[in-house]
Amino acid sequence: MSSKPGYKVADINLADFGRKEIALAEKEMPGLMSLREKYGIEKPLKGARIAGCLHMTIQTAVLIETLVELGAEVQWSSCNIFSTQDHAAAAIAKTGVPVYAWKGETDEEYIWCIEQTLVFEGNKPLNMILDDGGDLTNLVHEKYPQYLPEIKGLSEETTTGVHNLYKMMRENKLKVPAFNVNDSVTKSKFDNLYGCRESLTDGIKRATDIMLSGKTCVVAGYGDVGKGSAQSLRAFGARVLITEIDPINALQAACEGYQVTTMEDAIKQGASIYVTTTGCRDIITGDHFLAMRDDSIVCNIGHFDIEIDVKWLEENCVEKVNIKPQVDRFLLKSGNHVILLAEGRLVNLGCAMGHPSFVMSNSFTNQVLAQIELWTKAGQYPVGVHVLPKKLDEEVARLHLDHLGAKLTILTSAQSEYLGLPADGPFKPEHYRY
């Protein structure tokens, strides 16, 4: 790979602003700060060259500096063209960590940024991957397979990326051990659920200043992301309809008091706000747009931009007006308008600041533990998709309790013997569904 710049960000002069916000975030991320305190002297990641592809936010800055504190060399790109917080990228670049990320990249620039993270100083290739969505993983496997022999493992952050890993395994394409961070309970049941519960409506409101109370909204999908999104909209006084393919999730939604219906029926009921959360393609299509009421707001909080048929809007609109960054109003031939947020990409990061620091501390503590497991136990994990042990999952939760003033009850020896459980856990079997 040819020579590259030391970093590429929107404006390095934003570094001081970024540093001030990082200082605030550290106070809300007790899991990561505890890992620095526990492992900072030991440096368990010494020798690791971690290429990271994950939203370059203030919270990710705290993750990056934790990895560095634990001994790793790190190079970073963002996993979404709109999710970078430019002051965060500048702050990390100023510390000497190579960062290639800015808000508003083109698709071509996005790939270029990922490619800059593959080779480290001294022409040494990456030997660890920290991914969010699978783009870095796929790029290395498909375009740069010469680097695979040195890679000790990868950790994957999100549902979409985990689906990609299992697909690669089925097709015999995965060549390194992988940790499914997403399905740690302290990730999926917190980041996906509580994170989206706070950041979805933050994005919608910042983008549109809409009043949600009294509106009819549609949430496509009732997984953890859909659950959090539906709760958020309902909390503002909206009437929420759910669409689902899975009968179990559909029954859960119905038992929570949501009407479960089809997208077509929801449109007929006069819904005016649409949120896709499915991780699948073609959830909202041209026929749906044509049937919607005037100035319906459409957005996505799934990882990729394939849930909403943005291409149809671009090709079939009479006029497209950009209201402000990541807010576009399309005039259709029917005379009605559709308001599209974040170009169909992650609305909470494109139109707001993403999840709060505290919930990301849960997710990123899992990421760091996964990187330590893979790096310090190289060869012990075969090629495949693994999850962190239940004991570590519980420890991640434990690290965050004091910050909320929570106090755990401790089993007595008699109770421990009665239940057949160690007094300090793990408390649930692997198959337990929280």
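The values are calculated or read from the model by the stated rules, or taken from the named source; none is laboratory data. Remember, it's a predicted structure, so these values are computed and weren't measured experimentally. Positions of Cβ are generated from backbone atoms using ideal geometry, with glycine treated the same way; all protein chains shown enter the neighbour counts. To get the accessible areas, we keep the full protein, side chains included, count just its heavy atoms, and leave off ligands, DNA and RNA. Shrake-Rupley method; radii C 1.70, N 1.55, O 1.52, S 1.80 Å.
Separation of the range 359-397 and the range 212-290, taken as the distance between their Cα centroids, equals 33 angstrom. Along each principal axis, taking the top coordinate minus the bottom one, the Cα set of the range 238-339 gives 42, 27, 23 Å in descending order.
Considering only DSSP beta bridges where both residues belong to the range 4-124, give the percentage that are antiparallel (nearest 5). Close to 10 percent.
Would you be so kind as to identify which of H288, I372, A406 lies farthest towards the positive end of the dipole of the chain, taking Lys and Arg as +1 and Asp and Glu as -1 on Cβ and the Cα centre as origin? Final value for the positive-end residue is A406. On a per residue basis, the chain carries 44 Å² of accessible surface, using protein heavy atoms and a 1.4 Å probe. The phi-based Karplus calculation (6.51 cos²θ - 1.76 cosθ + 1.60; θ = phi - 60°) puts the 3J(HN,Hα) values of the range 143-150 at 10, 10, x, 5, 8, 4, x, 8 Hz, whole numbers, x for Gly and Pro. The shape of the chain comes out oblate: with a ≥ b ≥ c from the C-alpha gyration tensor, a/c is at least 1.5 while a/b does not beat b/c. The DSSP beta bridges internal to the chain are antiparallel in roughly 20% of cases. Of all beta bridges that DSSP places with both ends in the range 107-230, some 20 percent have antiparallel geometry. Just the protein heavy atoms count here, and of the accessible area of the range 337-434 at 1.4 Å, carbon and sulfur take up 58 percent. Taking the inverse of the mean reciprocal distance over all distinct Cα pairs, the Kirkwood hydrodynamic radius of the range 153-294 comes to 16.3 Å.
Rounded if a/c is under 1.5, else prolate if a/b is larger than b/c, else oblate: which is the range 4-155, with a ≥ b ≥ c the root eigenvalues of its Cα gyration tensor? Because a/c hits 1.5 or more and a/b fails to exceed b/c, the range 4-155 counts as oblate.
Hey, if you put +1 on the Cβ of every Lys and Arg and -1 on every Asp and Glu Cβ in the chain, which of M29, M360, N164 ends up farthest toward the positive end of that dipole? Positive-most Cα among the choices belongs to M29.
Carbon-plus-sulfur accessible fraction, the range 1-146 (probe radius 1.4 Å, protein heavy atoms only): 50%. Remark: the range 207-220, residue by residue, has Karplus-estimated 3J(HN,Hα) of 6, 10, 6, 6, 8, 7, 4, x, 6, 9, 10, 10, 10, 8 Hz, where x stands for each Gly or Pro and the curve is 6.51 cos²θ - 1.76 cosθ + 1.60 at θ = phi - 60°. Checking the Cα-Cα distances for K215/K333; K143/K175; K8/K167; K20/K94 against a 22 Å cut-off, the pairs over it are K215/K333; K8/K167. Karplus-derived 3J(HN,Hα) values for the range 414-428, using 6.51 cos²θ - 1.76 cosθ + 1.60 with θ = phi - 60°, are 5, 5, 4, 5, 4, 7, x, 10, x, 5, 9, x, x, 9, 10 Hz; glycine and proline are entered as x.
Pick from L392, L24, L408: which residue has the top mean-square fluctuation in a GNM of the chain where Cα pairs under 10 Å get a spring? Sorting by GNM fluctuation, first place goes to L408. Placing +1 on the Cβ of every Lys and Arg and -1 on the Cβ of every Asp and Glu, with nothing else charged, gives the chain a dipole about its Cα centre of roughly 540 debye.
Quick one: among S334, S363, S34, which has the greatest mean-square fluctuation in a GNM of the chain with alpha-carbon springs under 10 angstrom? Of the options given, S334 has the highest mean-square fluctuation. For the pair C280 and S416, a Förster radius of 41 Å applied to the C-beta separation gives a FRET efficiency near 0.40, rounded to the nearest 0.05. Extension gain, Q269 to A235, is 10.2 nm, computed as 0.36 nm per intervening residue step minus the present C-alpha separation. Highest-first packing order for the peptide set 210-217, 344-351, 400-407 is 344-351, 210-217, 400-407, based on the mean count of other beta carbon atoms within 10 Å. Taking a ≥ b ≥ c as the square roots of the eigenvalues of the Cα gyration tensor, an a/c ratio of 1.5 or more together with a/b no larger than b/c marks the range 236-291 as oblate.
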